[in-house]
Amino acid sequence: MPKIERGAFLYLVLFLLCFALAGCEGEKTSGPRNPEYENLKIVVEGDLEEPREITVGEMRALPRKELNASLTRTTGLLEEFKAAGPTVKDVLEYLGIDYQDYKGIGFTGRDNYYCLVTPEIMAERELILAITIDGDSELPEELQPARLCVQGEHGPYWVKMVDRIVLYEEIPEKDITSVWVFKNLAEGIEPYPYEYYGSKDDAIELAQIFSRFDNVDSKAFFTMKSADGFKKNEAINMVSQRYYIKVTGEDAPVNMAPNIKLGMNVAHIAWFSTNEDAAIFPEEIVQLTGEQQAGAQKGISLQAILEEVGLFDLEEKQFEVIGTDGNSVKVSGQELNKGLLLINADGTYPVIWQEGAGHKSVDNLLRIRSI
C-alpha cells in the first residue's frame, strides 16, 4: 500500500476509534444490561383513574437529560456527581399523563422517604429521574430504581430509590387560624430520646402535637421552613406516625423519622404548619423576621410572625393573644405590629406592647388565634 494511502487509512481508523470512544464516554457498559435492574418499576398513582407503571428499561428509551448535579445537604455538605435520565415530564407523557394537569407531585423511595414537589418548583425546576450516575448505567442498590434530581434545591428534594410517584390535581389551601409557641405547646409531653450522630437528644412526636391542635385535615400538607429559608412539604399521613421534632442537641430543632437519612433532615426549623395551625421556634424564626425595638428591649413583631407563617389580610381580623397561664389580650389585626415577642434567657416568651398601645403584657405566650 502506498505511503499516502496507508497514512490516510490510519487517520480514518483513529478517527473512527475516537468517535466510538466519545459515544461511549457518557455511560459505562460492559456487556448486556442487568435484566433485574432494567425491569425494576416505578408506579405512578394518585389522582388517576388507575395506577400506571414504567420500568427502568422503558425510561432508558426516553429522551435523556444530562446534568452536572450539585446539591447541598442540610448538614452543609456539598455533593456533586454526573446524572442522566429522563425528565419526570417525559415519563408522565410516555404514560399518557399531562404534567401540566397537576399542582403537586410526591416522590417516595423504597425506604418510604417522601417529598412533595410544589407548583413553584415544578414551574421553575426541571425534574430528572437519574438512572445513570457518574457513567454507571446501573445504579447502586441504595439508589435503585432511580434518583430524583432537582438542581437548585436542597438535599431533601433529591429523593433516592424512587419507586412511587403520587400526582395531586389540587394542593389544599391552608387557612391558618392559630400560631403556637412550640415549647409551650409541647409542655407535658414526654420526650423521646432520639439518636443523632452518636448523641441521644430529646425529641417530641408530632402525633402528640397534632392531638393538641383543633383540627388536622389528613388530606392537607405539613410544611416546614428552616431559619435559612429552606421550605419542605410532606403529606400529613407521612408525618402522623413515628415522626419527631428533635428539640435539643445539634441542629435542633430538626425533623427526625426512621426513613429520613442523616443529612436529609430540615435543620433549625423556624416554623411548621398543618392546615389550620402553625408552631414557631422563636430563636429560629427571628432569623426570618428580624427584630424591632420597643424602648430598651428588642423583640419579634407579632405581625411579622403571623405573616411569615402564612396569615394574610390581618387588618380585617381580630386576634386573641393567650399566655400559658390562661390570661389573654384581644387585639385587632391593625394593632399586631405594636406587639413584640421577647426571647428570655429563662426560656419564657413574653409579649410586650409599644408605648400607647394600651394592652397588658402576656408573661409567656402560648398561642395567637384568630377570633
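The values are calculated or read from the model by the stated rules, or taken from the named source; none is laboratory data. These numbers were taken from a predicted model, which means no experiment stands behind them. All Cβ positions, even for glycine, are placed from backbone atoms using ideal geometry, and neighbour counts span all protein chains on display.
Of all residues in region 139-159, those satisfying the criterion of being part of a loop (DSSP other than H, G, I, E, B), surrounded by 20 or more Cβ atoms within 10 Å (Cβ to Cβ) and under 17 Å from the mean Cα position of the chain (by Cα) are E153, W158, V159. The residues in region 262-288 that are touching a helix residue (DSSP H, G or I) at 6+ places or on another chain (Cβ under 7 Å) and either more than 23 Å from G76 (Cβ to Cβ) or assigned to a loop (DSSP other than H, G, I, E, B) (or both) can be counted, and the count is 10.
Out of everything in region 161-185 that is of a type in the set (A, V, I, L, M, F, W, C) and part of a loop (DSSP other than H, G, I, E, B), what residue ends up being surrounded by the most Cβ atoms within 10 Å (Cβ to Cβ)? Once the filter is applied, the top-ranked residue is M161. Only one residue in Q334, Q293 is at pLDDT below 95, surrounded by fewer than 16 Cβ atoms within 10 Å (Cβ to Cβ), outside the structural domain of R110 (by TED's automatic domain parsing) and assigned to a strand (DSSP E or B), so which one is that? Among Q334, Q293, only Q293 is at pLDDT below 95, surrounded by fewer than 16 Cβ atoms within 10 Å (Cβ to Cβ), outside the structural domain of R110 (by TED's automatic domain parsing) and assigned to a strand (DSSP E or B). Restricting the search to region 106-138, which residues are under 13 Å from I42 (Cβ atoms) and surrounded by fewer than 20 Cβ atoms within 10 Å (Cβ to Cβ)? Residue satisfying the conditions is R110 alone. Taken over region 308-331, the residue count meeting the criterion of being in a helix (DSSP H, G or I) and either surrounded by fewer than 16 Cβ atoms within 10 Å (Cβ to Cβ) or basic (K, R) (or both) is 2.
Conditions tested, residue by residue: (1) at pLDDT 95 or above; (2) out of contact with any Ser or Thr (no Cβ under 9 Å at 6 or more places or on another chain); (3) outside the structural domain of S240 (by TED's automatic domain parsing).
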site: L139; (1), (2), (3): yes, no, yes
site: Q144; (1), (2), (3): yes, yes, yes
site: R147; (1), (2), (3): yes, yes, yes
site: G155; (1), (2), (3): no, no, yes
site: D163; (1), (2), (3): yes, no, yes
site: A186; (1), (2), (3): yes, yes, no
site: Y192; (1), (2), (3): yes, yes, no
site: E195; (1), (2), (3): no, yes, no
site: K219; (1), (2), (3): no, yes, no
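Filtering region 172-192 to residues that are touching an Asp or Glu at 6+ places or on another chain (Cβ under 7 Å) and small (G, A, S) leaves only S178. Given the criterion buried (at least 20 other Cβ atoms within 10 Å of the Cβ), of a type outside the set (A, V, I, L, M) and under 26 Å from A345 (Cβ atoms), identify the matching residue among P191, P253. On inspection, the qualifying residue turns out to be P253. Here the condition is being within 18 Å of W158 (Cβ to Cβ) and outside any strand (DSSP E or B); of N259, N255, it holds for N259 alone. Considering each residue of region 152-171 in turn, none proves to be over 30 Å from F210 (Cα atoms) and among the charged types (D, E, K, R).
Filtering region 337-359 to residues that are assigned to a loop (DSSP other than H, G, I, E, B) and modelled with pLDDT of 95 or more leaves L342, I343, N344, A345, D346, G347, T348, Y349, P350. Scanning region 186-230 for residues that are over 19 Å from N259 (Cα atoms) and in a strand (DSSP E or B) yields K225, S226.
For the condition out of contact with any Cys (no Cβ under 7 Å at 6 or more places or on another chain) and either part of a strand (DSSP E or B) or modelled with pLDDT under 95 (or both), I128 does not qualify.
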